[in-house]
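Structure record follows, encoded as structure tokens.
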Amino acid sequence: MMKTTSWHRTLALGTILAPLAAFSCAMAQESLQPVPEFPLSDGPLIIRQTVQPQRPFTVTGSTGVILGLQNGNVELWKLPTKVFNNLHLSAELDGYTVPIDLNAAAATIDVQPDHTTVTYSHAAITVRQHMFVPAGDSNQAQGAIIFFEIESIRPAVLTISFEPAMLQEWPAPSFGRPSSSWLPIGSGGAFVLSTDNPAIFGMVGMPNATFGPMAPYQERPQSLPLQFKLRFDPARDQHHFFPMIAEVSQSGEKNSPTAIAAMQSRLVATTNALPEIYRQTRVYYDHFFDNRLTIHPQPTFRYGHAMG
């Protein structure tokens, strides 16, 4: 029998640890960061009105849906899965001791072909909630996307709360409210949402965010909402967008550390590619009627006068 030397042991240990070190290095490079501001559509096709808080609105597409009320309380689907509902925003500013209920401060809603925006307007802070579903033949992104634009002269903490769902379209069975755990990623992190079915799990992440109170498993019947605590420093974060990205399990995936790592990679990739994902969506709607039949009414004539 060959005698095992310390050199052989060191070599074997290096063989085992090298892939782990490479994996750890790769994961360390996957960092959630705010996205530098990019231009949004400002074309003539826009419906802008004062918010009617209890009136509904929708943002739809082939791979995702956002349904909710004009006060910004929405649910988000990455078809065929509803990821979360009851989105609610509040803010706390340095030197301003009263918490601000932003949903109650919803002021305007703008609907354009490529995105919809709810603007929360308060004397101390303005937040715009931009929403769209990726479109375009070469656009690989799927599901609905929300990203926030913040204007404040003081540092602030934006609390974004929501109730996890992980429900698939009827008639798929329900597996109850998902459990959640926190996964730090770069400057922010993500909630990992797990159900009793290992094939149905998901993730919702944000840059510059930490987590709010999370009830332990035995307290789960209280159904506390999950909370992102998003830190905004105007000196550092001005002219940046803060995406709220949702991912769900793909066909054949089972809830495991490997699958969670793959999902994290997809979430970070979507965040980093947000400007291009939106650009392709904007181009798709800019040219939507290029190859489609449209009808243009012509004036009719009656008694020798043109009638519109």
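The values are calculated or read from the model by the stated rules, or taken from the named source; none is laboratory data. Bear in mind the structure is a predicted one, so any value in this text is a computation, not a measurement. Cβ placement follows ideal geometry from the backbone for every residue including glycine, while neighbour counts extend to all protein chains displayed.
What to note about this one:
- Qualifying positions in region 22-45 - under 21 Å from the mean Cα position of the chain (by Cα) and modelled with pLDDT of 85 or more: L32, Q33, P34, V35, P36, E37, F38, P39, L40, S41
- Subset of region 43-65 (residues that are touching a residue at least 24 places away in the same chain (Cβ under 8 Å) and of a type outside the set (A, V, I, L, M, F, W, C)): G43, R48, Q49, T50, P53, T60, G61, S62, T63, G64
- Region 85-114, residues that are within 15 Å of G68 (Cα to Cα) and touching a helix residue (DSSP H, G or I) at 6+ places or on another chain (Cβ under 8 Å): H88, L89
- Check on P221, over 30 Å from R154 (Cβ atoms), modelled with pLDDT of 95 or more and surrounded by fewer than 19 Cβ atoms within 10 Å (Cβ to Cβ): no
- Qualifying residue in region 66-78 (condition: basic (K, R) and without any contact (Cβ under 8 Å) to a residue 40 or more places away in the chain): no
- The lone exception for I125 - which of (1) more than 25 Å from Y284 (Cα to Cα); (2) of a type in the set (A, V, I, L, M); (3) touching a residue at least 40 places away in the same chain (Cβ under 8 Å) it fails: (3)
- Region 69-98, residues that are at positive phi and surrounded by 18 or more Cβ atoms within 10 Å (Cβ to Cβ): G72
- Taken as a whole, the structure leaves S180 outside the set of residues that are modelled with pLDDT under 95 and closer than 30 Å to A235 by Cβ.
- Taking the criterion of being surrounded by fewer than 18 Cβ atoms within 10 Å (Cβ to Cβ) and under 29 Å from N197 (Cα atoms), the only residue of region 126-150 that qualifies is Q140.
- Complete set of residues in region 151-164 that are within 17 Å of the chain's Cα centre (by Cα) and buried (at least 21 other Cβ atoms within 10 Å of the Cβ): L158, I160, F162, P164
- Qualifying positions in region 255-297 - at pLDDT 95 or above and surrounded by fewer than 12 Cβ atoms within 10 Å (Cβ to Cβ): S256, P257, T258
- Selected residue (criterion: farthest from the chain's Cα centre (by Cα)) from residues of region 190-218 that are small (G, A, S) and closer than 21 Å to T81 by Cβ: A199
- Qualifying residue in region 99-114 (condition: within 28 Å of I200 (Cα to Cα) and at pLDDT 95 or above): no
- A135 among the aliphatic types (A, V, I, L, M), within 24 Å of V283 (Cα to Cα) and in contact with a helix residue (DSSP H, G or I) (Cβ under 8 Å, 6 or more places away or on another chain): yes
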